Amino acid sequence: MRSSGILLDTAEVLESALERIDRLKTLSGREKEALKRKIAGAAENFRELSKRAVKDNEELAEFFFKKAKEFKAMSTDRGIEREGKKNYLRMAGRIYQYSLSAEYDFIPDKLKELKKVYRKYIFGMTLFFVLSGLFLNQFIAITALILAIPIILSMLSLQRRGHLGLLLAYSALPIPLVVGFMAMTYSLRTLRDPAKIAEIAGHLGKSTAFARGYLTVLLLISLVELYLLLDGTVGLYRHRHAFL
């Protein structure tokens, strides 16, 4: 598979850039050490990936190789002065990020794992909106409407493996988790109180059996929502390197 060879060449180019970094006078000793750790880590990641790659993605592998050569060419005092230290260090950071996320492009099983996590997040958020409608609380319903835009944007960005989507997902998670916990505790507490069940039945204009069924559905949805969102949150963190 040609991609494996290109990824290995990318690792070798990055390793050869380490010698140039040692000779740089533009960077301080601390900056050089931090930079070398990052580039050495990227080289090791690409080398390991060249052994494990299953899918042949020659175009992407060539992109990584090109970026590695650009970085090596820039790794001179004159090159850094021309491009700017900030851009040079930012480029090193991007290459390291590429080396971490690349396995999702060359190892299909990793991408399948990520898609499972993504689906849990989507289903969990969908249940949050269902729960907001069932909870019969105007404040929660309005909050759900306000959160709809960032949640939808996070879903779209996560699907494209955008880092912004990951940030939006984590920023939107607290309120759905709180609503799920509130619905769970409310339904559990109310199901043990016949007077409350009768009160809810009167509010709904239905029988107590219907009110009890409504509370049971509320409880089940809240439990599933909490499980999906919590498991999805852990999964997104575990696969955080997939997002660029």
(request) Determine which single condition Val117 fails, assuming it passes every other condition in (1) within 24 Å of the chain's Cα centre (by Cα); (2) under 30 Å from Ala183 (Cα atoms); (3) among the β-branched types (Val, Ile, Thr); (4) open to solvent by 20 Å² or more (accessible area, probe 1.4 Å). (result) (4)
(message) Quick check on my filter: what residues within the range 120-145 are assigned to a helix (DSSP H, G or I) and open to solvent by 50 Å² or more (accessible area, probe 1.4 Å)?
(response) Lys120, Phe123, Thr126, Phe129, Val130, Gly133, Leu134, Gln138, Phe139, Ile142, Leu145
(request) May I ask you to list the residues in the range 77-88 that are touching a residue at least 40 places away in the same chain (Cβ under 8 Å) and crowded, with 17+ Cβ neighbours inside 10 Å? (result) Ile80
(request) Quick one: in the range 198-225, of everything that is surrounded by 20 or more Cβ atoms within 10 Å (Cβ to Cβ) and without any contact (Cβ under 8 Å) to a residue 60 or more places away in the chain, which residue is nearest to Thr126 (Cα to Cα)? (result) Leu215
(request) Tally the residues that are open to solvent by 40 Å² or more (accessible area, probe 1.4 Å) and hydrophobic (A, V, I, L, M, F, W, C), restricting the search to the range 1-17. (result) 2
(request) Could you identify the single residue in Gly213, Gly180 that is in contact with a Ser or Thr (Cβ under 7 Å, 6 or more places away or on another chain) and either modelled with pLDDT of 90 or more or at negative phi (or both)? (result) Gly180
(request) Among what's in the range 28-46 and is basic (Lys, Arg) and open to solvent by 60 Å² or more (accessible area, probe 1.4 Å), pick the residue that is farthest from Thr10 (Cα to Cα). (result) Arg30
(request) Check Lys72, Lys36 and return the single one that is in a helix (DSSP H, G or I), in contact with a Leu (Cβ under 6 Å, 6 or more places away or on another chain) and either of a type in the set (Lys, Arg) or farther than 30 Å from Lys112 by Cα (or both). (result) Lys36
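Every residue, every condition in (1) modelled with pLDDT of 95 or more; (2) touching a Gly at 6+ places or on another chain (Cβ under 8 Å), yes or no:
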residue: Glu83; (1), (2): no, no
residue: Lys86; (1), (2): no, no
residue: Ser99; (1), (2): yes, yes
residue: Ala102; (1), (2): yes, no
residue: Phe106; (1), (2): yes, no
residue: Ala141; (1), (2): no, yes
residue: Ile149; (1), (2): no, no
(request) Evaluate the range 140-159: report whether one residue or more is within 30 Å of Ala34 (Cβ to Cβ) and without any contact (Cβ under 8 Å) to a residue 24 or more places away in the chain. (result) yes
(message) If I filter the range 23-33 for residues that are under 14 Å from Arg94 (Cα atoms) and either at pLDDT 90 or above or of a type in the set (D, E, K, R) (or both), do I get at least one hit?
(response) no
(request) Filter the range 89-100 for residues that are out of contact with any Asp or Glu (no Cβ under 8 Å at 6 or more places or on another chain) and open to solvent by 30 Å² or more (accessible area, probe 1.4 Å) and give the result. (result) Arg90, Arg94, Tyr96, Gln97, Tyr98, Leu100
(message) Against the condition within 30 Å of Ala53 (Cα to Cα), surrounded by fewer than 18 Cβ atoms within 10 Å (Cβ to Cβ) and β-branched (Val, Ile, Thr), how does Ile152 come out, does it pass?
(response) no
(message) Just checking, does the range 20-35 include any residue being hydrophobic (A, V, I, L, M, F, W, C) and within 15 Å of Lys66 (Cα to Cα)?
(response) no
(request) For the range 168-194, enumerate the residues that are in a helix (DSSP H, G or I), open to solvent by less than 70 Å² (accessible area, probe 1.4 Å) and either in contact (Cβ under 8 Å) with a residue 60 or more places away in the chain or of a type in the set (Gly, Ala, Ser) (or both). (result) Ala169, Ala172, Gly180, Ala183, Ser187
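The values are calculated or read from the model by the stated rules, or taken from the named source; none is laboratory data. Keep in mind it's a predicted model, so treat the numbers as computed, not measured. Every residue, glycine among them, receives a Cβ derived from its backbone with ideal geometry; neighbour counts consider all protein chains shown. Accessible surface is based on the protein model in full, side chains and every heavy atom, while ligands, DNA and RNA are left aside. Shrake-Rupley method; radii C 1.70, N 1.55, O 1.52, S 1.80 Å.
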